[in-house]
Structures are given as C-alpha cells and as structure tokens.
Amino acid sequence: MRILLLCLCLPALVRADDILVFAPASLGGTLDRVAEAFEARTDHDVILSYAGTSALAFQIRRGAPADVFISASVDWMDDIEAAGLVVAGTRRDVLSNSLVVVAREGPEVALQDLPETLGEGRLAMALTNAVPAGQYGREALEALGLWDTLAPRVVETDNVRAALRLVALGEVTFGVVYSTDAAAEDNAVIVAGFPDTSHRPILYPAAQLSASLAAAEFLDYLGSSEAQAIFVADGFALPGEPRE
C-alpha cells in the first residue's frame, strides 16, 4: 500500500492492477489498515490519497484518475455524481461518525458554556464553507445559537486532522472534530459532544469512478465483515447503527 500527497502527476504512478482511492483525512490510519487487509487477500495494490473532501472532489472534477472516491459528505458525492463521474449503481453509504469538541486536556465543558470557557482562546475547525467536518460543526453551532459568538475566535484549517493537530500542539484551546479523530490523538481529549439532532447525519458515501474490476473488488470489500470490524474498532459506526 502507498499513500500519496494529492497532486496532478498521479497518472504516471498508477499501474493497471493498482487501485487509486481518494479518501477524506478523517479516515487516515483506519483506512490504511483496511487496505492492508484487502491487499493480503488479493494481488492488488491500494494507493491511498488523503485530503479534505472538497479538495478531493475538486481534483476529481479536474480529471484526477481516482478509481474509488470516499467522501465525508453526501453533498460532495452528490456533486461528483451529478457531473457524471460515478459508475452507475456503485454508490453506497459505508460509514457514519459523530462530532465532538476536543481540548489538550479536560475537564468536560457544557456546550452552552463554550464561549465563556473559551474566552480569548481559539477554536480550530476545518474550513466551514467547504470541508465536511467544518460544515457540520458550523451547522451544529448555529443550531445551538453559539456560532455568532464563537465565529471571531475560529481558526480554519484545510482538513479536520489539521484542526486536531492544532489542539494537540496547544496552539488553540478547543477544536471541533470527529470523535474518531479524537480517539486517534493521544494529546487531545473529548470535552463535549454535539447532539446528533444539531446537524445532518455524518455519512461517508463511497463510489467507483473507473471501470476497474480491482476497484469494484475494493469497494465491495469496504462492506465486508472484516473491513467493518476494523472501522468499528476505531470508533466508526455503520450507517443506521449506533456507535460503540
């Protein structure tokens, strides 16, 4: 398995039996293990390219040769599908997640007390007008009547893992990230959770973008019991099921 930085030179790197997967940063680590398990069962080589979902969608629309696209947003997958770039009948929801507030250390914070507790500190979020984690976060804060107060204190990042990193480094007081991101970072703890009713369901649709038979195998594998066990162990939930 190889992990690539997003770039426009990808065509020269892809062999016929490779599967190029564009995936959101929030799947980093977990999807690596899924890909390794898939490779152990097949002769295929999975190449993972991680970035914010909006950046991935932009590159796909520009012609980047991804075989499989996993989105952290239904809307961005809708955009790619509307552009005629999804192989018909291959789209499916594979995962779900939840949204939390993290800090470098506790204690827990009531969401309604977040502005007062934050004070002159900063709140890290992925881009609130483009990246799914940031969009969900803004939606939740607006629903709770907190966005207007907190917006001047928000530091926006290119993806959710970058927001988490700012928290882990102590550069900001709080961050809004997925619960699975928090679980993957030793230097951050969850101090508050958002009600599911405060934002749209956080779903990860996946689809095939090429006619590659190997890509079809990988997409099917994402729904296998073996892959699902890896996802659930890292805190993800399956669509329609409660999180562990």
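The values are calculated or read from the model by the stated rules, or taken from the named source; none is laboratory data. Predicted model, so just to flag it, every value in this text is computed and none were measured. With ideal geometry, Cβ positions are generated from the backbone for all residues, glycine too; neighbour counts draw on all protein chains shown. The area values use the complete protein model at the heavy-atom level, side chains included, leaving out ligands, DNA and RNA. Shrake-Rupley method; radii C 1.70, N 1.55, O 1.52, S 1.80 Å.
P(r) tail for segment 123-236: Cα pairs beyond 16 Å make up 66% of the total. Ligands, DNA and RNA excluded, the heavy atoms of GLU120 present near 150 Å² of accessible surface to a 1.4 Å solvent probe.
Solvent-accessible area per residue for segment 19-58 at a 1.4 Å probe radius, Å²?
Counting only protein heavy atoms, the per-residue value for segment 19-58 is 28 Å².
Suppose all protein chains stay in the model; what accessible area per residue would a 1.4 Å probe give for segment 141-244, in Å²? All intermediate terms of the calculation are to be shown ahead of the outcome.
On the way: 4650 Å² over 104 residues.
Counting only protein heavy atoms, the per-residue value for segment 141-244 is 45 Å².
Taken over the alpha carbons of segment 69-156 as equal point scatterers, the Debye sum produces base-10 log I(q)/I(0) values at 0.11, 0.22, 0.26 Å⁻¹ of -0.42, -1.09, -1.40. Only protein atoms count toward the accessible area here, which uses a 1.4 Å probe; on segment 82-159, the carbon and sulfur part of that area reaches 45 percent. Per DSSP helix of 4 or more residues, -39500 (n - 2.57); summed, then divided by the residues of the chain. What does that give at 222 nm, rounded to the nearest 500? The per-residue figure over the chain is -9500 deg cm²/dmol. What whole number of Å gives the distance from the Cα centroid of segment 123-152 to the Cα centroid of segment 168-244? If we compute the Cα centre of each part, the gap is 19 Å. Determine the sum of side-chain charges near ALA25: Lys and Arg each +1, Asp and Glu each -1, restricted to other residues whose C-beta is under 15 angstrom from that of ALA25. Local net charge: -4.
Quick one: net charge of GLU217's neighbours, Cβ under 12 Å, K/R +1, D/E -1?
-4
Each other residue within a Cβ distance under 10 Å of ARG161 adds +1 if Lys or Arg and -1 if Asp or Glu, for a net charge of -2.
Note on the chain: GNM, Cα springs under 10 Å; of ASP234, ASP148, ASP93, the largest mean-square fluctuation is that of ASP148. Of the residues GLN59, GLN112, GLN208, the one that moves most in a GNM of the chain with alpha-carbon contacts below 10 Å is GLN112.
Mind pulling up the Rg/Rh value for the chain? Radius of gyration and Kirkwood radius, both on Cα. Working shown, then result.
Details: Rg = 17.9 Å, Rh = 18.3 Å.
Ratio value, two decimals: 0.98.
Which of ALA168, ALA233, ALA215 moves the most in a Gaussian network model of the chain with Cα springs under 10 Å? Residue with maximal mean-square fluctuation among ALA168, ALA233, ALA215: ALA233.
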